[in-house]
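Heads up, the thing below is written out as structure tokens.
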Amino acid sequence: ITGSMLGIAGFTILSAAGTPPIVWFFVAALLVSLLLEGSDLGWLRYPAVAALALAIYFVYRPPSQNEIWSPYYRINTYRAGNGELYVNVNGIPHQALHVASAPKEPFYDQLYRWFPDRTYDDVLIVGAGSGTDAAIALQHGAQRIDAVEIDRSIQQLGVDYHPDRPYQDPRVTRIENDGRAFLRGTDRKYD
């Protein structure tokens, strides 16, 4: 049980620290070495560590400057020719940080087009990401926004780079939490 708890604690620390895979492989090599020490398979200790070291050597590539390891994703960012910042997670296009007045994807402001006469003073955004939904809600007159996002790194990209700076607006409250956990724990009502 102690080993299991230590494993969970180590996993949590490595994940929360945003460490890249090279660190995880190094820890794995160290643990294999320690596990084989003093056992009948102790003679495998050095070949096992050498094999892991060779695998790391041939697979490892240094992280690029625009690469972030969050507890959930490998995040890469790049600027397109139009100057907008794009976010890929695990190699898949995920988000674009663009001005609210010209959303690229029509679904961002679909709610406001369906109900043009409705006001949304108190808004909840689950999966707020880098802030485009919050920027559009502010543009449509929201007075208070709870922006729930589980991944601090994605939200920090919005804080640092979103052109409308929605997370700096005093009407926006950033909440780092799982959406379901937040909904279970809040008694607030939203428009």
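Residues being on the phi > 0 side of the Ramachandran plot and among the aromatic types (Phe, Trp, Tyr): count how many of those fall in the stretch 83-114.
Selection size over the stretch 83-114: 0.
Would you call LEU157 of a type in the set (A, V, I, L, M) and within 28 Å of ALA16 (Cβ to Cβ)?
Yes, satisfied.
Restricting attention to the stretch 167-183, which residues are open to solvent by 40 Å² or more (accessible area, probe 1.4 Å) and closer than 14 Å to GLY129 by Cα?
Those that are open to solvent by 40 Å² or more (accessible area, probe 1.4 Å) and closer than 14 Å to GLY129 by Cα: THR173, ARG174, GLU176, ASN177, ASP178.
If ILE136 passes every condition in (1) touching a strand residue (DSSP E or B) at 6+ places or on another chain (Cβ under 9 Å); (2) without any contact (Cβ under 8 Å) to a residue 40 or more places away in the chain; (3) buried (at least 18 other Cβ atoms within 10 Å of the Cβ) but one, which one does it miss?
Against the list (1) touching a strand residue (DSSP E or B) at 6+ places or on another chain (Cβ under 9 Å); (2) without any contact (Cβ under 8 Å) to a residue 40 or more places away in the chain; (3) buried (at least 18 other Cβ atoms within 10 Å of the Cβ), ILE136 comes up short only on (1).
Please determine, by comparing only the residues of the stretch 141-157 that are touching a strand residue (DSSP E or B) at 6+ places or on another chain (Cβ under 9 Å), of a type outside the set (D, E, K, R) and in a loop (DSSP other than H, G, I, E, B), which one is farthest from TYR78 (Cα to Cα).
Applying the filter and picking the extreme gives GLN143.
Would you point out which residue out of ASN76, ASN90, ASN66 is of a type outside the set (A, V, I, L, M), farther than 19 Å from ARG165 by Cα and surrounded by 15 or more Cβ atoms within 10 Å (Cβ to Cβ)?
Among ASN76, ASN90, ASN66, only ASN76 is of a type outside the set (A, V, I, L, M), farther than 19 Å from ARG165 by Cα and surrounded by 15 or more Cβ atoms within 10 Å (Cβ to Cβ).
Within the set of pairs 6+ apart or on separate chains, which have a first residue in the stretch 90-106 that is under 12 Å from ASP133 (Cα atoms) and at pLDDT 80 or above, a second that is charged (D, E, K, R) and in a loop (DSSP other than H, G, I, E, B), and C-beta atoms under 7 Å apart?
ALA96/GLU84; ALA96/LYS104; LEU97/GLU84; HIS98/GLU84; HIS98/LYS104; VAL99/ASP164; ALA100/ASP164
Report those strands (runs of 3 or more DSSP E) wholly inside the stretch 53-136 carrying at least 2 residues which are of a type in the set (S, T, N, Q).
By residue number, 74-79.
Which one of VAL99, VAL148, VAL159 is in contact with a Gly (Cβ under 8 Å, 6 or more places away or on another chain), open to solvent by 20 Å² or more (accessible area, probe 1.4 Å) and among the hydrophobic types (A, V, I, L, M, F, W, C)?
Within the list VAL99, VAL148, VAL159, the selection yields VAL159.
Can LEU54 be described as out of contact with any His (no Cβ under 6 Å at 6 or more places or on another chain), farther than 27 Å from HIS140 by Cα, open to solvent by 80 Å² or more (accessible area, probe 1.4 Å) and modelled with pLDDT of 75 or more?
Yes, satisfied.
The values are calculated or read from the model by the stated rules, or taken from the named source; none is laboratory data. Treat the numbers as computed from the prediction; the structure is a model and nothing was measured. Cβ atoms come from the backbone with ideal geometry, glycine included; neighbour counts cover every protein chain shown. For the accessible areas, the whole protein counts, side chains as well, though only heavy atoms, and no ligand, DNA or RNA atoms are used. Shrake-Rupley method; radii C 1.70, N 1.55, O 1.52, S 1.80 Å.
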